[in-house]
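Worksheet for the structure shown next.
The values are calculated or read from the model by the stated rules, or taken from the named source; none is laboratory data. Worth saying up front: this structure is predicted, and the values here are computed from it rather than measured. All Cβ positions, glycine included, derive from the backbone under ideal geometry; neighbour counts span all protein chains shown.
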Amino acid sequence: MMKWPDIMHLLTDIRSILMLMCMFWVMPGQAREYVADKDYFELPDTVTGVPDVLSYFSFNCPHCYYFEMKSNINNFIVASLPNGTTFERYHASRIGASGRDLTRAWAVAVFLHKQTEMTPILFRAMQQSHSVQSETDLQKLFIDQGISVDKIKTLWNSTEITASVNRQDRLAEQLGLRFVPAFFVRGKYLVNNMALDTSTDESFEKDYAGVIQYLLNKKPAVAGNASGAHP
């Protein structure tokens with residue numbers, strides 16, 4: 001039978017082993033060093049007047065559909081942003097049919113604070129039922145959610161919505177948007193989706209959140225080589 005001092009010594013050893021295991025479990029994620037031109041791209045010019053993290057997607061994009069509708073990837077990435085990080089989500093007009101009309105629909109959803117309700121509806125309409133053939137079809141999706149015909153008709157081509165659409169298109173151009181889903185950090189960096197760990201959804205979303213956090217914390221380059229920002 002073990003004596004009390006022996007038992008205490010054993011418990012101390014077990015605690016030490018468990019602490020060591022926890023260290024090895026945490027350290028790989030913390031020590032991950034992301035590499036330029038591999039894990040992320042550095043834009044030639046910093047685009048000013050943008051949030052800390054800016055995401056572009058398209059209701060026509062199958063990968064965006066998967067991020068949003070078939071997995072928790074998008075929600076995990078957004079929920080993992082550090083407190084105080086400014087974030088916005090824009091629609092890419094140049095992808096697929098009705099691209100710019102969909103950007104307008106997204107601007108309307110944002111204006112009405114209906115992103116949560118309208119996102120799955122718009123994705124399903126474009127990639128499941130294929131029920132959208134015109135601007136009128138898009139407006140009907142909002143009307144079916146209880147928004148009055150007059151309100152939608154008035155809002156659709158209003159100054160506020162048109163300005164939002166133009167901003168989304170202009171920033172896509174300035175940032176050199178070339179694929180979606182895309183996450184830009186501080187108007188300077190673009191995450192390279194293809195370089196991240198795709199072995200499981202969980203590893204992918206953690207790697208994605210990790211590179212964004214890394215870029216948010218990345219020290220700016222020494223002045224002297226910086227290019228002029230876009231107005």
Which condition breaks for R124 when tested against (1) at pLDDT 95 or above; (2) assigned to a loop (DSSP other than H, G, I, E, B); (3) surrounded by fewer than 19 Cβ atoms within 10 Å (Cβ to Cβ)?
-> (2)
Among helices (runs of 4 or more DSSP H) lying entirely in the range 1-95, which contain 3 or more residues that are modelled with pLDDT under 95 and hydrophobic (A, V, I, L, M, F, W, C)?
-> 4-31
Given A92, A97, A105, A79, which one is of a type in the set (A, V, I, L, M), surrounded by fewer than 17 Cβ atoms within 10 Å (Cβ to Cβ) and within 20 Å of the chain's Cα centre (by Cα)?
-> A79
Just one listed residue, out of M118, M126, is farther than 30 Å from Y214 by Cβ and under 19 Å from the mean Cα position of the chain (by Cα), and it is M118
Enumeration of residues in the range 108-121 that are surrounded by fewer than 17 Cβ atoms within 10 Å (Cβ to Cβ) and among the aliphatic types (A, V, I, L, M) = L112
Restricting the range 154-196 to residues that are among the polar types (S, T, N, Q) and in a helix (DSSP H, G or I), the residue that is nearest to F142 (Cα to Cα) | T154
Does the range 72-104 hold any residues that are closer than 18 Å to R170 by Cβ and not β-branched (V, I, T), and which are they?
-> E88, R89, Y90, H91, A92, S93, R94, G99, R100, D101, L102, R104
Please enumerate the residues belonging to the range 181-231 that are among the basic types (K, R) and at pLDDT 95 or above.
-> R186, K188, K206
